[in-house]
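The structure appears below as structure tokens.
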Ligand SMILES: C[S@@+](CC[C@H](N)C(=O)[O-])C[C@H]1O[C@@H](n2cnc3c(N)ncnc32)[C@H](O)[C@@H]1O
């Protein structure tokens, strides 16, 4: 069977599954699959979702954390509000130097996890898209380091390329364990990968 055909069928599968299960994006399954394996988000956790529109990851994480948890979604674009009082969304730019302070003002306490699926509009020029993605991932890391509780977890989208290794090394300096993962729901053809960092080492946040 041609590989392109299999890939196409897989993409269609997640697209249809998201529609049938009322998820706002097929991306939802990426965070669900990685969390099922590594359990980096748990019941009653406080989670910050950077680049959260249209809200698929928020839908998945709110089910994991439950009503005694809290989920805050941040995006440049408005996100259709959620009825649950433990889910909030704000308009915001994760590259804004004041964003960490703004985020903390909405949270009941320091988050257990910061996740970022933030992505730029692709230019189609691979080197440019890779560099912009790594820059957004670095800015997401800056935010995570300012707000996460000690021992907290970080999950972020990357595009593979020559700048990735340096970023991975930087993250390793801050967390106990770092893994690069490619969930089944991520398009096989794309250079999209995710970095999962477990256990923020420092405790100067606490
Ligand atoms: C792939 S989508 C996220 C999909 C989301 N995880 C879901 O499941 O619905 C990427 C998002 O990143 C957002 N984004 C890009 N740059 C951003 C920035 N500087 N600050 C906040 N959000 C940003 C975009 O507006 C877009 O909504």
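The values are calculated or read from the model by the stated rules, or taken from the named source; none is laboratory data. Just so we're clear, the structure is a prediction, and the values are computed from it rather than from any experiment. Cβ placement follows ideal geometry from the backbone for every residue including glycine, while neighbour counts extend to all protein chains displayed.
Within the option set 136, 145, being touching a strand residue (DSSP E or B) at 6+ places or on another chain (Cβ under 8 Å), away from the ligand (no atom under 15 Å from the Cβ), assigned to a helix (DSSP H, G or I) and under 15 Å from residue 195 (Cβ atoms) holds for one residue only, 145.
Of all residues in the stretch 87-119, which are surrounded by fewer than 17 Cβ atoms within 10 Å (Cβ to Cβ) and either assigned to a strand (DSSP E or B) or out of contact with any helix residue (DSSP H, G or I) (no Cβ under 7 Å at 6 or more places or on another chain) (or both)? Answer for the stretch 87-119, where residues must be surrounded by fewer than 17 Cβ atoms within 10 Å (Cβ to Cβ) and either assigned to a strand (DSSP E or B) or out of contact with any helix residue (DSSP H, G or I) (no Cβ under 7 Å at 6 or more places or on another chain) (or both): 90, 91, 96, 97, 98, 101, 102, 105, 106, 107, 108, 109.
Could you check how many residues of the stretch 89-125 are touching a residue at least 60 places away in the same chain (Cβ under 8 Å) and more than 10 Å from the ligand (Cβ to nearest atom)?
Residues of the stretch 89-125 that are touching a residue at least 60 places away in the same chain (Cβ under 8 Å), as a first pass: 107-119.
Filter once more, so that each one left must be more than 10 Å from the ligand (Cβ to nearest atom): 107-114.
Adding up the residues that qualify gives 8.
Of the numbered conditions (1) over 17 Å from the mean Cα position of the chain (by Cα); (2) surrounded by 13 or more Cβ atoms within 10 Å (Cβ to Cβ); (3) modelled with pLDDT of 95 or more, residue 173 satisfies every one except a single condition; which is it? It fails just one condition, (2). Every test in (1) in a helix (DSSP H, G or I); (2) within 22 Å of residue 189 (Cα to Cα); (3) touching a residue at least 40 places away in the same chain (Cβ under 8 Å) is passed by residue 155 save one, and that test is (1).
When the stretch 20-33 is limited to residues that are farther than 17 Å from residue 157 by Cβ and surrounded by fewer than 20 Cβ atoms within 10 Å (Cβ to Cβ), the one that is farthest from the ligand (Cβ to nearest atom) turns out to be 20.
Evaluate the following for residue 159: is it more than 13 Å from the ligand (Cβ to nearest atom) and buried (at least 17 other Cβ atoms within 10 Å of the Cβ)? No: the conditions fail for residue 159.
Looking only at the stretch 39-65, count every residue that is surrounded by fewer than 18 Cβ atoms within 10 Å (Cβ to Cβ) and within 15 Å of the ligand (Cβ to nearest atom) and tell me the total. I'd like the intermediate steps shown before the answer.
Taking the stretch 39-65 first, the residues surrounded by fewer than 18 Cβ atoms within 10 Å (Cβ to Cβ) are 39, 42-44, 54, 63.
This time we only want the ones that are within 15 Å of the ligand (Cβ to nearest atom), so: 54, 63.
Counting residues in the stretch 39-65 that are surrounded by fewer than 18 Cβ atoms within 10 Å (Cβ to Cβ) and within 15 Å of the ligand (Cβ to nearest atom) gives 2.
Being away from the ligand (no atom under 11 Å from the Cβ) and under 25 Å from residue 200 (Cβ atoms), is that true of even one residue in the stretch 72-82?
Of the residues in the stretch 72-82, the ones away from the ligand (no atom under 11 Å from the Cβ) are 72, 81-82.
Cutting the leftovers down to under 25 Å from residue 200 (Cβ atoms) gives us 72.
Scanning the stretch 72-82, I find at least one residue that is away from the ligand (no atom under 11 Å from the Cβ) and under 25 Å from residue 200 (Cβ atoms), so the answer is yes.
Yes or no: residue 36 closer than 30 Å to residue 149 by Cβ, surrounded by 14 or more Cβ atoms within 10 Å (Cβ to Cβ) and either within 15 Å of the ligand (Cβ to nearest atom) or at pLDDT 90 or above (or both)? Against the criterion (closer than 30 Å to residue 149 by Cβ, surrounded by 14 or more Cβ atoms within 10 Å (Cβ to Cβ) and either within 15 Å of the ligand (Cβ to nearest atom) or at pLDDT 90 or above (or both)), residue 36 does not qualify.
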